[in-house]
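Below: the structure, in structure tokens.
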Number of protein chains: 4
Amino acid sequence: MFFASDNSGPAPQQILDALAAANTGYAAAYGSDPLTAEVQARIREIFEAPQAAVHLVATGTAANALALATLAEPWQTVFCTRVAHIHEDECNAPEFYSGAKLTLVGDGDRMSSDALRAAIEAEGTRGVHGPQRGPVSITQATERGTVYSLDELRALCDAARAHGLPVHMDGARFANALVALGCSAAEMTWKAGVDAVSFGATKNGCLGVEAVVLFDPAKAWELELRRKRGAHLFSKHRYLAAQMAAYLRDDLWLDLAGRANVNCARLAAGLRGAGATLLHEPQANMIFAAFPRALHRRLHAAGAVYHLWGSGTLEGEDADEMLPCRLVCDWSLPEAEIDRFLALLR
Amino acid sequence: MFFASDNSGPAPQQILDALAAANTGYAAAYGSDPLTAEVQARIREIFEAPQAAVHLVATGTAANALALATLAEPWQTVFCTRVAHIHEDECNAPEFYSGAKLTLVGDGDRMSSDALRAAIEAEGTRGVHGPQRGPVSITQATERGTVYSLDELRALCDAARAHGLPVHMDGARFANALVALGCSAAEMTWKAGVDAVSFGATKNGCLGVEAVVLFDPAKAWELELRRKRGAHLFSKHRYLAAQMAAYLRDDLWLDLAGRANVNCARLAAGLRGAGATLLHEPQANMIFAAFPRALHRRLHAAGAVYHLWGSGTLEGEDADEMLPCRLVCDWSLPEAEIDRFLALLR
Amino acid sequence: MFFASDNSGPAPQQILDALAAANTGYAAAYGSDPLTAEVQARIREIFEAPQAAVHLVATGTAANALALATLAEPWQTVFCTRVAHIHEDECNAPEFYSGAKLTLVGDGDRMSSDALRAAIEAEGTRGVHGPQRGPVSITQATERGTVYSLDELRALCDAARAHGLPVHMDGARFANALVALGCSAAEMTWKAGVDAVSFGATKNGCLGVEAVVLFDPAKAWELELRRKRGAHLFSKHRYLAAQMAAYLRDDLWLDLAGRANVNCARLAAGLRGAGATLLHEPQANMIFAAFPRALHRRLHAAGAVYHLWGSGTLEGEDADEMLPCRLVCDWSLPEAEIDRFLALLR
Amino acid sequence: MFFASDNSGPAPQQILDALAAANTGYAAAYGSDPLTAEVQARIREIFEAPQAAVHLVATGTAANALALATLAEPWQTVFCTRVAHIHEDECNAPEFYSGAKLTLVGDGDRMSSDALRAAIEAEGTRGVHGPQRGPVSITQATERGTVYSLDELRALCDAARAHGLPVHMDGARFANALVALGCSAAEMTWKAGVDAVSFGATKNGCLGVEAVVLFDPAKAWELELRRKRGAHLFSKHRYLAAQMAAYLRDDLWLDLAGRANVNCARLAAGLRGAGATLLHEPQANMIFAAFPRALHRRLHAAGAVYHLWGSGTLEGEDADEMLPCRLVCDWSLPEAEIDRFLALLR
């Protein structure tokens, strides 16, 4: 009953096999190997973007920070929500790489195009004194397990473009969102107006690999230099490429995300059936729910692993107090474990 | 006949096996897993440094940049040679992470304690105007395949300590140097006066993992924060740890380095026997030699892969012109390939 | 009728005279001159802080950015209000110098100790992932012309100290606040718990000089190096010192601030008498008021100079629409001008 | 007998008068005042560069750091000599502002075009691994009191342009060099191939003001934002502008530099007449000479103020040891003082 994170489960066998298969003979270092070229081509194909620049890194924070540094100037702001990973969970990495300030849009976990428009208009009105308007960063799926519709994405990108601002998508859970929307990668990105994507693969089954995709390749070389300067260029690059190649082969990535989403839907349905309160509409592979403290204790005692969300603790006195928690489903979660968890609710 | 780099060969099977073995069930993310703790303990044991702080990263540049950022202030200089990896091959990453300037010591590929003393004395005499003296960074084995003796290391560290400066060791080829000296890891580091080590494992057989070792743990938490802020904290950290665990188990790391060094010695002996000019004394796993252009052409035509070193090219007119080259031996190089290469010299 | 800014009026004659007096013979450069030492001693005396480190710079943004860089680590946050000068009006200078992120406290123009406590508690709960808690920056007088009472300052500093966080005071209008409170400089700073002050003199009559005061001198040398590295160390430092010496001589600084505050009180009383709406309680030398557009037009037509505050413009259609504006009084403003302005209101 | 620095003498009366004249009434802040516009126009006229972007700052280090940050990318190098002010005397400010590394050209105090060509060719040959080639920074007059001829400047700029690299001129002693060459400001800069100039005025008589001149205005706005972000935008900007306006009026700047150079020539002639060894050909306002220790003692005892240059001290035992020193002449130095100094040599 492991619902703590999608950073904690195993990788599918195909990815381990690909590492083993790549581990023969000599390969040019630093991304000059044929497997890297193959993966770049495959990602361009998936995104229907034959000109796109594609660079691999090992962490999602690196993908975000490098993409934003390439889009933003150090005297600008990056617009994002107050729960954005780049704001809350990257220990100032985006600021370190870009020099820019983060401007928080709205109060919630999703960015509305109205709130974005208002934030853009409020910013950048102070001439040389204030920071200047810079890129917009959208998280898809969001940090609360919801997904922006294509209409919403287009409206956000339109609001950015109205001021000439580029758009970055933090796609740490890109595949989960894509499967949820049932659209193409191109539709969810450049066709909607997105300029750069952190295309995540780690949370969805890889050991550690992400791609930065720039649809306009004009800054491809700059991104390469920033990656090296950030110490993110792998010498034995074939092992990054091998993971990503296996991940994309035969739609494994979509299959994995589909399984995670189905797991999540099964869990959500069960929770609802048991009368639990869901705090956000679960559209990808995460659920935020609130249970009484007593139930949390029972679940933990029975071996369920997940995080309370917020400042509440199991140790509090009031057994009835509702405490929010986060339940993440990954591809590897057995149905039986979900059902066992749900059985404990009753 | 692959002598281009120790970044290009395969990993030994034990390391792949360790990845597969680690790939079961759920593990806490971000380095809180038991395998990471085990690896940290093992590295402390190897270094006979029970208090040392040990942090894993995936690239040697990250290890160097983070270690130096922790030792240096942004208004200081880092003393290193003009062929140091941190100066020539890291695209300003050390400057990016630390803010410090690099001050080049001496003219050659090795740092002498006299030259270091002179450089330290020349620096830091301009009050608030000049950069201030900061850490000394020593590369062991050097970028030219030579190794500092323990006496030399002690003399360098003494020169640094005389001015209260900390010492960093870039140990991208730490194991090769250690095997060459036949001493302990403690003797080659803190017993000689080294404060922080970039303990390389990638060039010596891993897919991509290095450890930053700080013998004084006072800045352990700072290093963790810098690692996260630099986007170098792996979420699925067990896969870094598994590589390093296998690398250190049953002295695999020493065995791999020993093989690489033996390969190198065999190649060096053969080169000398054939009358070739060696540009540095090969003490680890790299040889710098000069051959006539015609010989380079013959070697390349026969399939030998290695880099010319400097501005010369195969295409020049003068067949007799001597062109330097670098020949790197890794653990996986078959003896027969070395002998085939040597046979081409005759 | 110039109410646009306290950056626009002339300097009092004493300060010009002091420049002329300092302009004789040779003086050691870079702050080693006797006038600088005299000014540092005088500031320590004023603050009753014999150990304090005092450094002069030419701009308020430099004072803030250098002070914060000395108090904050690059992986931390700086707590401030959303209207803080360091957030809105310094084009990312604090982030550039410190590397830290700014965390906005509360919604208004003043920081309450409750809101600060809540913000501190919300921050720094994510381990290595989130930015860490760093210094609190308080603006006294605030950007809206109000002043924190000593009790409020103590409560803010207590909230910071409860978590071991240092406190910075942006004192661009320090003298105006001090005169308003009628307390000592020590009471308004270190006795309340403040660690570092940007002691402004430019807005209150100097050509361009501010002092950074660190009550704990442990980081004095670091601040000097940061000042030089930031290109803020004046070579002909005596001309900074001369301004500040004249400013502090015979309580000129308090006299100037007193005049500005009296001007402001006269204007505020007149505005209230005319039935105008004041948006904040004017306690120093600035008033935020709302007038109908028609009145703004009349005032501008008559030659009044001040800024509308917000997105409204004189050109709008609705003559009755209330538009906020900012009215700043400096020491040099003639009473007759205030009265002429007030007469226009009737 | 004050020869210590051109940062230590008084400003000419015209500049103090200009400050007093500017100190009337209200002026728009932050460079929007008419005096600033007038100064910018005058500098464009002097440089025969009607499109040039002109920005004022208060320190030479600020001018250099901002100009270089605008010309260089953080993954590049800046080519300069090993005695360049940006390398030796700015405490890493150029690195802080630009992120770039400084690459030292040649061994001496002047840059030859051959050495520059060699340095450029050696750099930037390592693909993504090494730093990339960036701007060339030339100091005119040099830090050793010599001046590049127009031919030399053109050759240096040609070497830079052959690789598409921009050229910066550190003109802290611009006027001294210009007077020495007897050419126009345009000839010494853009007509020779210079892209950006730090146009110094402080060492030549102002209290503290320098101009950054960008001949291509494409990055004018970027420079403004960098200036603000660096905390170098003056609020009461008229006082910077007033100094520069007076400095340029009626060729005062050329007159001041002419006087300093004439003083220097008188001193140099006298030194030579007395058989002293000059270490560099004095072409502007500085002399580097070597005297026996005993003579230094006599000069100091008689009240001469200047710096020994290097590690020698007055206190050493050997009275005959030759110790180098630097003798700087500024505009204000009375002839009689020079003659008194020379008389002491006999």
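Overview of values
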{"item": "Inter-copy spacing of A:ALA343 label points, which lie 7 Å from Cα along Cα→Cβ, given in nm from shortest upward", "result": "6.8, 9.1, 11.1"}
{"item": "GNM result for chain D, Cα springs below 10 Å: residue of D:LEU295, D:LEU254, D:LEU104 fluctuating most strongly", "result": "D:LEU295"}
{"item": "For region C:15-29, 3J(HN,Hα) per residue [Karplus equation, 6.51 cos²θ - 1.76 cosθ + 1.60, θ = phi - 60°, Hz, x = Gly/Pro]", "result": "6, 4, 4, 5, 4, 4, 5, 6, 8, 10, x, 9, 9, 4, 8"}
{"item": "Within chain B, longest stretch free of exposed GluC sites (Glu not before Pro) [DSSP loop, at most 16 other beta carbons within 10 Å]", "result": "B:49-314"}
{"item": "25 °C / 0.890 mPa s Stokes-Einstein diffusion coefficient of the protein assembly as shown, Kirkwood radius on C-alpha pairs, µm²/s", "result": "72"}
{"item": "Part-to-part distance (alpha-carbon centres) for region C:172-223 and region B:64-105, which is given in Å", "result": "36"}
{"item": "Label-point gap, in nm, between C:ARG272 and B:SER32 - each point 7 angstrom along Cα→Cβ", "result": "5.6"}
{"item": "Range of Cα positions in region B:204-258 per principal axis (Å), largest first", "result": "34, 26, 14"}
{"item": "Relative contact order, percent, region C:253-345 [alpha-carbon distance under 8 Å, six or more residues apart]", "result": "37"}
{"item": "For region A:166-262: span of alpha carbons on each principal axis (Å, largest first)", "result": "40, 31, 18"}
{"item": "Per principal axis, descending, Cα span of region D:67-127 in whole Å", "result": "29, 28, 16"}
{"item": "Under 18 Å from the B:ALA20 label point (7 Å along Cα→beta-carbon), backbone N, region B:203-228", "result": "B:206-207"}
{"item": "Residue-averaged beta-carbon neighbours from other chains (10 angstrom radius) around D:75-83", "result": "2"}
{"item": "Convex hull of region C:13-250 built on C-alpha atoms - directionally averaged projected area, nm²", "result": "12.2"}
{"item": "Nearest-0.05 FRET efficiency for C:GLU222 and A:ASP158, computed from C-beta distance (R0 45 Å)", "result": "0.40"}
{"item": "Proximal lysines to D:LYS236, defined as alpha-carbon separation beneath 18 angstrom and excluding residues fewer than eight positions away on the same chain", "result": "C:LYS203, D:LYS228"}
{"item": "Compactness of region C:253-345 as Cα Rg over 2.2 N^0.38 Å, two decimals", "result": "1.06"}
{"item": "Selected from A:SER32, A:SER112, A:SER198 as most flexible by GNM, with chain A as the system and alpha-carbon contacts under 10 Å", "result": "A:SER32"}
{"item": "For A:GLY164, inter-copy label distances in nm, listed shortest first [label point 7 Å out on the Cα-Cβ vector]", "result": "2.4, 4.7, 5.1"}
{"item": "Shape parameters for region A:11-65, alpha-carbon atoms, Rg then Dmax in Å", "result": "13.0, 34"}
{"item": "Label point distance in nm, D:LEU345-C:GLU48, each placed 7 Å from Cα along Cα→Cβ", "result": "5.9"}
{"item": "Part-to-part distance (alpha-carbon centres) for region D:245-306 and region C:268-346, which is given in Å", "result": "59"}
{"item": "GNM flexibility winner over chain D from D:ALA185, D:ALA177, D:ALA284 (Cα, springs under 10 Å)", "result": "D:ALA185"}
{"item": "Label zone at C:SER184, where the point sits 7 Å out along the Cα-to-Cβ direction: region C:42-79 residues whose backbone N lies under 19 Å", "result": "C:42-54"}
{"item": "Shielding score for B:21-27, defined as the mean number of other chain Cβ atoms within 10 Å", "result": "5"}
{"item": "Cβ-based charge dipole, region B:13-250, positive-most Cα from B:ALA22, B:ILE138, B:VAL167", "result": "B:ALA22"}
{"item": "Chain D, rotation onto B, residue closest to that axis via Cβ, with its distance in Å", "result": "D:GLU95, 3"}
{"item": "Where N is the number of residues in region D:192-231, Cα Rg divided by 2.2 N^0.38 Å", "result": "1.33"}
{"item": "Dipole magnitude of region B:1-117, debye to nearest 20 (Cβ charges: Lys/Arg +1, Asp/Glu -1, about Cα centre)", "result": "160"}
{"item": "Nm distances between copies for C:HIS307, ranked from closest, using label points 7 Å along Cα→Cβ", "result": "4.0, 4.1, 5.4"}
{"item": "Spatially proximal aspartates and glutamates relative to A:LYS219 (Cα-Cα < 15 Å; intrachain offsets below 8 disregarded)", "result": "A:GLU73, A:ASP195, D:GLU73"}
{"item": "Relative contact order of region A:1-141, defined on C-alpha pairs under 8 angstrom at six or more residues apart (%)", "result": "20"}
{"item": "Relative contact order [Cα under 8 Å, 6+ residues apart], chain A, whole percent", "result": "24"}
{"item": "Computed P(r) (all Cα pairs; region D:113-226; 5 Å bins; percent)", "result": "2, 11, 20, 22, 18, 14, 8, 3, 1, 0"}
{"item": "Within chain C, helix-based [θ] at 222 nm, where runs of 4 or more DSSP H residues each add -39,500 (n - 2.57), nearest 500", "result": "-12000 deg cm²/dmol"}
{"item": "Test item: Cα-centred dipole of the protein assembly as shown, Lys/Arg +1 and Asp/Glu -1 on Cβ, debye", "result": "0"}
{"item": "Rounded to the nearest 20 debye, dipole of region B:147-239 from Cβ charges on Lys, Arg, Asp, Glu", "result": "520"}
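Every number here is computed from the coordinates shown, using simple stated rules; none is lab data. Please read all numbers here as calculations on a predicted model, not as lab measurements. Neighbour counts are summed over all protein chains in view; Cβ atoms, including those assigned to glycine, are modelled from backbone coordinates with ideal geometry.
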